[in-house]
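Trainee: My questions all concern the structure below.
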Amino acid sequence: WAVFFSASIVDYTTYRAIRMFLNNRITMSSDDQKEPPTASVQADNTIASDDENNKKQAVLSPLPLEWTKMGGTIDDPSPVDIVRYPWEVMEISPNPEETHLTIVGTAGQKITRMGSNLKDYVSPNLTHLVFRSHLIRTMEGLAGMKNLELLELYDNMIDELQDLDGGEGGLPGAGLKVLDISYNVIRDMTPVSLCPNLTELYIAQNKIKSISGLRHLKNLRKIDLGANRIRVMEEEELSGLENLEELWLGKNKIEKIAGLSKLTKLRRLDVQSNRLTKIENLAAQVDTLEELYLAHNGIDNEGAK
């Protein structure tokens, strides 16, 4: 028997189970190969001794614990637990002429902390800040970035919208025009109310159950709330979005199209992959709606009338 194990696909439990199986096979094979007993007492003793040696040889050595770490050591920290700041991943310049900062985690090391003193490392005139595909858990260090217009923290591990008020250092949220916080684990979107000048808001693929914080964001033209857990299109939140042109709500749990009566500039509406059974409440969009996505719902011929 020749068995090859790959540490990347065989876990500890499977490996032990295979080894126990091999022990039994080897022991059984040793028993089958024993010579028939003879009348000689000395021969019997020799056979017994050989049989014991075979059984001893069939017992494999104990499994080293280091094997379960897939080549690492037991004390190796998880990548999430390593503290790594933006300025440790890439050289950052506070040059006033630098207005854009983009660091993408798929191209190298991943940031785990934005740093409460991030402002000290970047340009005072920074307008675009992008930390995409990292391991960031907390929004921090935005205070004092008064010129910030675009903030993208797409594909991280953030569970709460924070630091948009900026504290005493300034109000970064007040100047934001584009906020992309998609592919995180946010449950409450209410703090977006701190960004009254937003024109585009992306919070797709999070854990949001209800629409909130939008009612006063009259400059919004595009909202992406796809792939969340939203059940109701809140009219109280949507009715004030008089300039909204695109509303993306696909892959939620919405049962009824609602809250659109005052959205007279809406051109694109995505409500596919929800729980709709009827096309309704779109009278205000008769003259403006250009694209309507309804696939993967429960709408039958009667509901489509």
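The values are calculated or read from the model by the stated rules, or taken from the named source; none is laboratory data. Just so it is clear, the model here is predicted, and its values are computed rather than measured. Neighbour counts run over all protein chains shown; Cβ positions are idealised from the backbone, glycine included. Ligands, DNA and RNA are excluded from the accessible area calculation, which covers all protein heavy atoms including side chains. Shrake-Rupley method; radii C 1.70, N 1.55, O 1.52, S 1.80 Å.
Trainee: Does Glu200 meet the test of being at pLDDT 95 or above and open to solvent by 10 Å² or more (accessible area, probe 1.4 Å)?
Mentor: The answer is yes for Glu200.
Trainee: Is it the case that some residue within the range 294-301 is open to solvent by 50 Å² or more (accessible area, probe 1.4 Å) and closer than 21 Å to Ser193 by Cβ?
Mentor: No, every residue in the range 294-301 fails to be open to solvent by 50 Å² or more (accessible area, probe 1.4 Å) and closer than 21 Å to Ser193 by Cβ.
Trainee: What number of residues in the range 225-277 are within 15 Å of Ser212 (Cα to Cα) and acidic (Asp, Glu)?
Mentor: Adding up the residues that qualify gives 4.
Trainee: While we're looking at this one, here's another question. Any residue in the range 170-189 that's among the hydroxyl-bearing types (Ser, Thr, Tyr): show its pairings with residues that are open to solvent by less than 50 Å² (accessible area, probe 1.4 Å) at Cβ separation under 8 Å, as long as the two are six or more apart or on different chains.
Mentor: The qualifying pairs are Ser182/Tyr202; Ser182/Ile203; Ser182/Ala204; Ser182/Asn206; Ser182/Asp224; Tyr183/Asn156; Tyr183/Ala204; Tyr183/Asn206.
Trainee: Can you give me the number of residues within the range 234-251 that are part of a loop (DSSP other than H, G, I, E, B) and either on the phi > 0 side of the Ramachandran plot or in contact with a Leu (Cβ under 7 Å, 6 or more places away or on another chain) (or both)?
Mentor: Of the residues in that region, 6 qualify.
Trainee: Okay, next question. Got a sec? Which of Asn206, Asn219, Asn184, Asn228 is more than 24 Å from the chain's Cα centre (by Cα) and modelled with pLDDT of 95 or more?
Mentor: Exactly one residue qualifies, and that residue is Asn219.
Trainee: Ok, one more. Can you tell me which of Glu160, Glu149 is closer than 25 Å to Gly105 by Cα, open to solvent by 60 Å² or more (accessible area, probe 1.4 Å) and in contact with a strand residue (DSSP E or B) (Cβ under 9 Å, 6 or more places away or on another chain)?
Mentor: The unique qualifying residue is Glu149.
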